[in-house]
Structures are given as C-alpha cells and as structure tokens.
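The values are calculated or read from the model by the stated rules, or taken from the named source; none is laboratory data. Everything quoted here is computed from the prediction, not taken from an experiment. Because the Cβ atoms are built from the backbone with ideal geometry, glycine has one as well, and the counts that use them run over all protein chains shown.
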C-alpha cells in the first residue's frame, strides 16, 4: 500500500522527548530528559482510599459514560479554586475538563486554526504543544524568551509582520523548557499588545501551583476583560500524570465549539479520576499536599543548581527557576548542544537538546533542558558530575 | 471578541445524542437514546480488586506518565486476543492503545485526511465518527445499508463517482445505529471493491464481542492482505466506558504517524485502566464475563423486540440484531421521525431520530434508534408501550 499522509501530519516529527523517554526505561540511564513529576509527590494512599470508597458505594457513577464537558462537581470545584488562587473570574468564562493539558491545546487549535494560519510562540517552547499546532498545519513564528519572559519588542514585530495570527502561545510561569517566569509587567504588556493587534492568547499553566521561591504572579487570564485568553491547566503535576486530566478556561461564547471538539476526539475524560480530583480538592488537605510538593521541588532544584554551579564549566550558563520542573542550561553561543547531549547519553545521562523546543528546528540551539523532578538525589549528583566533566572536555578541546 | 472559528469546525454540530444524554439525568425519563452499556455487566469487584492491588504494590507504574503507544503488556495481550478471536494477523500489523474507539477514528482521520477529501460511509452511521470526519473538513458520501450490510452496488457507484476518497467507514457487526450485521460475502465483496478502487477501509468494531445469536463472522481486517484496513475496537462495551480505552490496528508502516498523532492529542491513555484491562484479560475469567454480558444483552434485546412486536403499529418496521446495543425502527417511508421522537420525549421516553446518523442531515429520516442495554426491563416495557401508543396515534391521525 502507498499511504497518502495528510498534509498537516506530513510535516510533524515525533517528539524527541517521547522517544528519549524510552531511554529512561534503562535503569542505568540517568534521566534529566523527561518531564515526569516526582513520584514521591503522588498522593497514593488518598487515591487508593477514594477509589476503593467510590467503587464500593457508587461504582456505576465512575464507570459509565460521562458528560463531554466533564464531571460537574469537579468543574465547579475548579472554578472556585481558580477564582481564589489565580484571580480568574467566571462571570463570562467557562471551564471544561480535558484529557491533560495537551488536549486543551489540541481542542483550541482544532476550533480556531486553519491550515496556513500563524501561531506565535515563545521560542523555545514546549514541544508537545508545538507539535499539536503543527498537526493542524499552523505556521509557527517564534519570539525569543528573556530572563523575565518573552521579548515584547520582538513580539510586537511579529504581531505587525504576520497576517492571520490566531493566537500567541505562552507558558508564563516556570516555562517549559527554560524555567523562566514572565514578570507581572510583561504579562500586562503582552495582554495589551494582543489587544492592540486583536490576537488571542493561549496561556498554558501546567506548573502554576509549583512555585517554590519568589513572589506569586497572577496569570494573564486574570487580566482578561475581552475573552481574549484561553487558559489551560493540568492535574498531571499536582495529582498524577496518568490521570490524563487537565482543564481549559475560555469565554462562554466558545463553550459550544469546545464541547463539540471534545466530543469529536475522545467523547469525555475518565470519570473515576475526575471524581478523585474533586474529592481530593474538596475533602482532603490539598493545600498541604501542594506545600509538600513544592518543598520536594525546591529541594531538588536547589540540589541540581548547586551541583551545576560546582561542576559545570564556567562558560555553561543557566537560570534559576522559581518553580516548575525544569532548568535550561546553555553552552556558549554558537555551540550546538545536540552532539553534546548525544555524548551525554553515551555516558549514561540524558537531557533534551534545545532544538527540540524550537519553532524552527532547522536552526541549531546551544541550550539543553534538564529536569530535576524525576531523578533521585544521587542521580542528580552523579548526572551533573558526568555532564560537568563533559562540559570541560567539550569546551576546552 | 469576534472569534474566527476554523473552517473545519464551523460546520460541525454537536452530537444530538450527547445533548439527549443530558435528558437521561432526569430519573423520570426512559432512556432509549443512549449507547450506554448495561451497568450490570461492569466487572466492578474485579476492577476494585485489581486497582487496590496495583495501588498497593506498584502505584507509580500506574500513576506516572506512560508510553504513547500504550501499556506494552496490554498491547501484547490484545494482539494475541485479536489473532485468536478475530483472525487478525500481526505479522504486518501494529496495535496502539487509544482513548476509546472514538480516538481511533480521530487519529486515523488526522493522519490520512485533508480538508475536502471524501470519506464514504454507511448511511446511516455512528454520529460520533461522522462528526470526527467532519471536524477534519471531510466530505461525507453516504452509501445505504441493507439488511445484510452496505449496498455494494451503491458502494461501487460511490467509489467510481468520487475522487480523493480516503476511506470507507463501516461498522460491519451490529452496526450503530441499525443493529445490522454485514454478511461474510459482502465483507469479501467490500474488500475487493476497495482493492479495485485502491481505497482504505476504516473498520469500527466496538460491539464485535457482543454477539448473542447467529453465526460469528470474521472482520474485514481478517481478509486484509494489503494493509488496506484500519481496524478499531473498544473496551467501553466489554469493560467500562469511563475507562476511555480502545485500540487501533493498522499496517506497521503507519505506526510512526499514528503514534505522533496520539502524542499531539493526549500524549497517552490512562495507565491504570490499561493495567486493569490487561490483568482482567490475562488472569480473570474474561470469557465467562463476555458470555454473561452477551446473555444480558440477548435477554434485553429479546424483551424489547417482543414488546415492539406487540405494541408498535404494524407499519413500524424493525430489524432483529444478532448482537450489540441497538435496534433501529422505521416509520413508513416518507414519515419524518424527528417530530415523532420529540413527541416521545414529551411523553417521557427518548430515542434518537435517524437524521442524527445521516451523512447528509438535511434529508429527513423515517428511522429512530432504540437502545436496549441501558434501560431496565420495566423501562423497556413501559417505554415501548408509550411509543407503541404514540405510533398508533401518529400513523392513524
């Protein structure tokens, strides 16, 4: 058979991270390349307890087909939670439960983007969503990220120069892959620019609750008076990734379209896990759980940064994340990180080369993303030691 | 805000079934309109047992991110199962786990269909998949279904007359909505026609294991020597719908594309439920469970058909399904079923009007779909009684 692959999918390459993920099954490989939350943060006992209770008392409610919009009590709980924690108003907004943050991007793109339309994106940005955008034939235009978030001058240039811009894709808090947080001032400026050029914003906030240092900053969605911001979040990093649960918030006018898009893809998300999330947020110590999770990540991040400071060649630079799962390190300008990462894999530690996160992957990157949430303390120390030695060899050869 | 909805999604209406589904929350409403499996068939105790065990012994394995392709042991189990039960060879085929049968259609369409391409479909056909095809901008061309399956002369005409036909969509066993099963001869003929015109087949088999009378017929995929058939199945009707688990089988050449499509939509399907399915198929009495489920459906189907024979106006015709969840009834030719169904809802029983399943919903339908798996025996008796009385009023007025 000769298969005719659709135009949209012909250009999408697999996620290098998902491929590298398979390396992590090798118990001798130190995994800095994934984005897995730390398993020690999973509320295992509570999940088991809630599951046993509901499967005993009302099994049909969590095994039968559910509503496409999501489990109503969880939707209400999340609305209250986002109102309180993130300052998002639900006067004109609606919330749907989706199958992980990834699906929020998938549905929004399905509803809003035609083949050939432009999506502006922070550059580098999360490869999973970039590939989702590519899978609809979107043209990606990257806007560089600085230490306090997206470069707003370059953003305005991109807004000016491109036609048919459907939205700006941003992770303002603890960005993937850079770990950078966009300042409150920049968030306001970004919103105003998107108002000026009448462009939507897709604000992805999977790590928002994982702040372990610095001052809390409200999401762009909290500034949204126009219905301009589609906001997504995830239970993957605060409950468990295998739940495949997230949520997406948008102006009520889009509810019908987003619901139909959800129907067309997977009908609804798993009900048992929605039930667990709702129970956990409502009747358990969710605040305490988040505090504990943050502490785990603060400690792991500190450990990795301290080891990097000690072991990396001084010409390797990196930022200090205030939350989330990732730190991005940079070889000197002009030094391609790809062969460096490959050599690291040969020596037993894997990171993700920056090029994986580029809007235009044909341009080499000097960065590489390191994850501190998955590896053990011993692996962090050993892995950074390997990469540190490699950096000296690499940069002095 | 003025939202610019994508061209593909502008034309997709919500599933009327999903809207009607909300009616079913009214405890006084008799629900013949859903496609819910009977909750008495859910293996609740076993699900609870396996869940408790794995959450105690190895929680991280079912809570952490999983592979996009699916849980490897379940994939292997399903390959063996399909080889044995359905005669599908895995010499040249691959199997991925997806988030319900619906997602199999979504991914296949994403990978294979450009906006404007033609998909041939049985007419009437499952609205969920028709909407998925529409959400990619596919042009649907319906081919009528007869009592032994699709009309092959009309199929050949459609194959001849249309360009850019990407695949034929068919549910050969216990079709949704008609309940009809395609004969073995027609399956062969359909395959040969698709060979002749070099068109793929998307064979949807969510109810395949639910045969309760008649002779077993192998799927079209079992005839496939070219890699021409994409075959999907579901755990929704044999385990639990809220698992949101299904599988899709296709020629190995498509593995990379299908996997990337999966990554772009929801990364992977829930791991706990994959684990449960694998445990259940491997170490529990799956055969006995299926036998029990078939018996439940045989009994319920018989009850509904017997009541229909007694109560419906003689000009209301219907088929006798050999399996699955649905029977389709027909008012006399030229009588639109839509107002009939609406009047039924007013009287406390809802079915789905045939127009919901039409490739071209602008043409009225005289059929309506009735589901016997969800309602209780009492509801079946009472609901058919209401519709029966209504049919007399309707056809004698």
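Enumerate the helices (runs of 4 or more DSSP H) found wholly within region B:83-177, keeping only those where 1 or more residues are touching a helix residue (DSSP H, G or I) at 6+ places or on another chain (Cβ under 6 Å) and within 17 Å of residue B:246 (Cα to Cα).
Helices (runs of 4 or more DSSP H) meeting the threshold: B:101-112, B:127-134.
Residues checked against (1) at the interface with chain B (Cβ under 10 Å from one of its Cβ atoms); (2) without any contact (Cβ under 8 Å) to a residue 60 or more places away in the chain; (3) on the phi > 0 side of the Ramachandran plot:
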residue: A:216; (1), (2), (3): no, yes, no
residue: A:241; (1), (2), (3): yes, no, no
residue: A:245; (1), (2), (3): yes, no, no
residue: A:256; (1), (2), (3): yes, yes, no
residue: A:260; (1), (2), (3): yes, yes, no
residue: A:295; (1), (2), (3): no, no, no
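Scan region A:67-74 and tell me whether some residue there is in a helix (DSSP H, G or I), modelled with pLDDT of 95 or more and farther than 24 Å from residue A:207 by Cβ. The answer is yes; a qualifying residue exists. Can you confirm whether residue A:5 is touching a helix residue (DSSP H, G or I) at 6+ places or on another chain (Cβ under 8 Å) and farther than 30 Å from residue B:119 by Cα? Taking the combined requirement at face value, the residue does not satisfy it. Within the bounds of region B:140-151, is there any residue that is in the same structural domain as residue B:263 (by TED's automatic domain parsing) and closer than 30 Å to residue A:46 by Cβ? Looking through region B:140-151, none of the residues is in the same structural domain as residue B:263 (by TED's automatic domain parsing) and closer than 30 Å to residue A:46 by Cβ.
Which residue is farthest from residue A:16 (Cα to Cα), if the candidates are limited to region B:54-69 and must be more than 7 Å from chain A (Cβ to nearest Cβ) and in contact (Cβ under 8 Å) with a residue 40 or more places away in the chain? For region B:54-69, the residue satisfying everything is B:54. Considering region A:218-236 alone, what residues qualify as being within 14 Å of chain B (Cβ to nearest Cβ) and either at pLDDT below 95 or closer than 29 Å to residue B:267 by Cβ (or both)? Within region A:218-236, A:221, A:224, A:227, A:228, A:229, A:230, A:232, A:234, A:235, A:236 qualify. Just one residue in the set A:91, A:49, A:83 is without any contact (Cβ under 8 Å) to a residue 12 or more places away in the chain, under 22 Å from the mean Cα position of the chain (by Cα), outside the structural domain of residue A:324 (by TED's automatic domain parsing) and surrounded by fewer than 18 Cβ atoms within 10 Å (Cβ to Cβ); that residue is A:83. Residue count for region B:109-123, restricted to those that are buried (at least 23 other Cβ atoms within 10 Å of the Cβ) and out of contact with any strand residue (DSSP E or B) (no Cβ under 7 Å at 6 or more places or on another chain): 3.
Screening B:249, B:267 for residues that are touching a residue at least 60 places away in the same chain (Cβ under 8 Å) and assigned to a strand (DSSP E or B) leaves exactly one candidate, B:249.
Residue-level check: of (1) touching a helix residue (DSSP H, G or I) at 6+ places or on another chain (Cβ under 9 Å); (2) free of Cβ contacts under 8 Å to residues at least 40 places away in the same chain; (3) in the same structural domain as residue B:148 (by TED's automatic domain parsing), residue B:299 misses just (3).
For region B:12-33, the candidate set comprises residues that are in contact with a helix residue (DSSP H, G or I) (Cβ under 6 Å, 6 or more places away or on another chain), assigned to a loop (DSSP other than H, G, I, E, B) and more than 7 Å from every other protein chain (Cβ to nearest Cβ); within that set, the residue that is modelled with the highest pLDDT is B:32. Here residue A:358 clears all of (1) without any contact (Cβ under 8 Å) to a residue 60 or more places away in the chain; (2) touching a helix residue (DSSP H, G or I) at 6+ places or on another chain (Cβ under 9 Å); (3) within 17 Å of residue A:144 (Cβ to Cβ) except the condition numbered (1).
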